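Notes for the one structure printed next.
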Amino acid sequence: MKDPFDVGAWLRSKPDLQSMRERFPEEWARVERDMATAISERSAARMNTVLLRSGPAWTVRAKGRKRRREETLRLVRQRMAILALQRIGTDAVTRGDEDAPALGRMSAAIASGLLRDGDGNKKPVSMRVFRLAWPFVRDKGAFLTREQSRGSYCFLSREFVDAVAGIVGGRRCLEIAAGDGTLTRFLAGAGIQIAAVDDMSWGHEIRYPDFVRKMDAREALAALAPEVVICSWPPPGNPFEAAVFDTRSVQTYVVVGSRYGFATGNRDAYRSSPGFTCESDASLSGLVLPPEAGHEVLVFRRRVE
């Protein structure tokens, strides 16, 4: 690392998150791990430790130049954590709904009509219509916070559904951790033969339709032997995604999640699966809505032996 005082001056110039990730990849990895733990445990105390640089994990016992270096890195980690929260709106993790900003009636009406049908269910929306209507939703942050508090982290465009249907083709397909089954419902409507399973541990937030079977992902992978597996917003550090890569029938795995590793997915499993290639598909990511939420679509493909 360069001189701490140089880094301090750089931080005062307010670099964006991408620049900080590139300059301090090891510190970003640490922030991701700490934030993933806080989010998965829904722990305000752990999140405060990351944001405020307090507690035993941030204690500095070094002296002199080494102490200045450690203090600078603490500032770097704090700044990255704050920027990450600002980008994906996960401030709802650390505070109650009563503190959330109000969603104006006009914005709520536009967003609801754009993204949900008359019964309140999610619907696939064309990108052309979305681009025309979304600018009129003024309270985008409030809308995202409200949806996330209800367990809804993304909406899907018609073009995204068609693209994923093209990836699946005629192969056996399974959605794991399917939640309310939105993606399965959309793909079935596009003619895809697909099964959906969930362990239903989030029944306090999600209403599960009849076509989502109550089954652990690992059990379903073994029983159904899918060729394509899909998962939308898998919990960070979850225990079941590793089984996807260990299932011999799986040829393709599509993950819809966040571009920030601490927010979704078992990143250790992703990194320790040499039998698969991994592509961050920018074109697919751009078809997951709304763009302000920072979505990323990863496509894993089994290597040809």
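Using 0.36 nm per residue of separation minus the Cα-Cα distance, give me the extension gain between ASP199 and ARG248 in nm, one decimal. Before the final figure, lay out each step's value.
Details: separation 49, 0.36 × 49 = 17.64 nm, distance 2.20 nm.
Gain on stretching ASP199 to ARG248: 15.4 nm.
Taking R0 as 30 Å, what FRET efficiency do you get between ARG128 and ARG213 from their Cβ-Cβ distance, rounded to the nearest 0.05? If you can, show how the numbers build up before the last one.
Numbers: r = 35 Å, r/R0 = 1.18.
About 0.25, to the nearest 0.05.
Sticking with the crude label model, points 7 Å out along Cα→Cβ, report the distance from LEU11 to CYS278 in nm, one decimal please.
If labels sit at LEU11 and CYS278, their model points lie 2.9 nm apart.
Taking a ≥ b ≥ c as the square roots of the eigenvalues of the Cα gyration tensor of the stretch 134-243, is the shape rounded (a/c under 1.5), prolate (a/b larger than b/c) or oblate? If you can, show how the numbers build up before the last one.
Working: a/c = 2.12, a/b = 1.33, b/c = 1.59.
Taking the square roots of the gyration eigenvalues as a ≥ b ≥ c, the stretch 134-243 is oblate.
Principal axis extents for the stretch 105-148, Cα atoms only, whole Å, descending order, please.
23, 22, 17
May I ask which residue of VAL244, PHE160, LEU221 lies farthest towards the positive end of the charge dipole of the stretch 148-253, with charges of +1 (Lys, Arg) and -1 (Asp, Glu) on Cβ and the Cα centre as origin?
PHE160
Computed from the coordinates by the stated procedures, all read-outs in this text should not be read as laboratory data. These figures come from a predicted structure and were not determined experimentally. Here the Cβ is made from the backbone with ideal geometry for all residues, glycine too, and neighbour counts use every protein chain on show.
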